[in-house]
1. Taking interchain pairs and intrachain pairs at least six residues apart, which have beta carbon atoms under 7 angstrom, with the first residue in segment 108-125 and within 17 Å of residue 6 (Cβ to Cβ) and the second open to solvent by less than 80 Å² (accessible area, probe 1.4 Å) and among the acidic types (Asp, Glu)?
2. Which one of these does residue 129 not meet: (1) in contact (Cβ under 8 Å) with a residue 12 or more places away in the chain; (2) closer than 16 Å to residue 1 by Cβ; (3) open to solvent by 60 Å² or more (accessible area, probe 1.4 Å); (4) within 14 Å of the chain's Cα centre (by Cα)?
3. Looking at (1) touching a Ser or Thr at 6+ places or on another chain (Cβ under 6 Å); (2) modelled with pLDDT of 95 or more; (3) open to solvent by 40 Å² or more (accessible area, probe 1.4 Å); (4) not acidic (Asp, Glu), find the lone condition where residue 92 falls short.
4. State whether the residues of segment 112-124 include one that is of a type in the set (Phe, Trp, Tyr), closer than 26 Å to residue 44 by Cα, touching a strand residue (DSSP E or B) at 6+ places or on another chain (Cβ under 9 Å) and open to solvent by 40 Å² or more (accessible area, probe 1.4 Å).
5. How about segment 2-89: which helices (runs of 4 or more DSSP H) wholly inside it have at least 3 residues that are surrounded by 12 or more Cβ atoms within 10 Å (Cβ to Cβ) and touching a residue at least 40 places away in the same chain (Cβ under 8 Å)?
6. Looking only at segment 143-166, filter to residues that are of a type in the set (Asp, Glu) and more than 16 Å from residue 101 (Cβ to Cβ); which one of those is surrounded by the most Cβ atoms within 10 Å (Cβ to Cβ)?
7. Among what's in segment 99-131 and is β-branched (Val, Ile, Thr) and assigned to a loop (DSSP other than H, G, I, E, B), pick the residue that is modelled with the lowest pLDDT.
8. Here is a list: 165, 134. Which entry is over 23 Å from residue 55 (Cα atoms), among the β-branched types (Val, Ile, Thr), part of a loop (DSSP other than H, G, I, E, B) and touching a residue at least 40 places away in the same chain (Cβ under 8 Å)?
Amino acid sequence: LEYRDGVFIRGATRGDGHIGEDVTENLRTIRAIPMVLPEKLPHLIVRGEVYMSHKVFEALNAMRELNGEMPFANPRNAAAGSLRQLDSRIAAQRRLDIQIFNLQLCKGKNFTEHSETLEYLRTQNFKVIPHRVVRTIEECNAEIAAINERREQFPFDMDGAVVKVNNLTDRELL
């Protein structure tokens, strides 16, 4: 998601990691994406995961079956296909959601830690992925186990936990 002077201007899929598809109009249908941010920074880019909740997925598949259509295989494929629809009205009907997990670019503000960026993004009305800062490998392993135990409680599918280095300078060096 890209913002100029606090206004959402463009959104794209991750594509090949460098070039993605422009899905701006479909992203505008996602209520969780702020169109205007409280702080009007010159340029901001965030990365997130668009998803379809389990509840929406089940209702969509029930409707598809009633209409004699093939049900979607899983929520991830349904979300990806919905986001890439040519008609944004179809994307809007699919009730997609998003969780933001990274600040890619931020002009006008400096941060030293990843957790600090996520907290800032929360103040800008983004839905930020659940996260926790841990200091030891034991704490890290305990948090991964706890996430695994709670994974069915999340409204979206997940492959597992992501462990990130919190210090942004250390991340660049790595």
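1. What qualifies is 124/39.
2. (3)
3. The number of the failed condition is (2).
4. No; the residues of segment 112-124 include none that is of a type in the set (Phe, Trp, Tyr), closer than 26 Å to residue 44 by Cα, touching a strand residue (DSSP E or B) at 6+ places or on another chain (Cβ under 9 Å) and open to solvent by 40 Å² or more (accessible area, probe 1.4 Å).
5. 24-27, 75-83
6. 149
7. 129
8. 165 is the lone residue from the list that is over 23 Å from residue 55 (Cα atoms), among the β-branched types (Val, Ile, Thr), part of a loop (DSSP other than H, G, I, E, B) and touching a residue at least 40 places away in the same chain (Cβ under 8 Å).
The values are calculated or read from the model by the stated rules, or taken from the named source; none is laboratory data. This one's a predicted model, so the numbers in the text were calculated from it and none came from an experiment. A quick note on method: Cβ atoms are made from the backbone with ideal geometry, for glycine too, and the neighbour counts reach across all protein chains shown. Just so you know, the surface numbers come from the protein's heavy atoms only, side chains and all, with ligands and any DNA or RNA stripped out. Shrake-Rupley method; radii C 1.70, N 1.55, O 1.52, S 1.80 Å.
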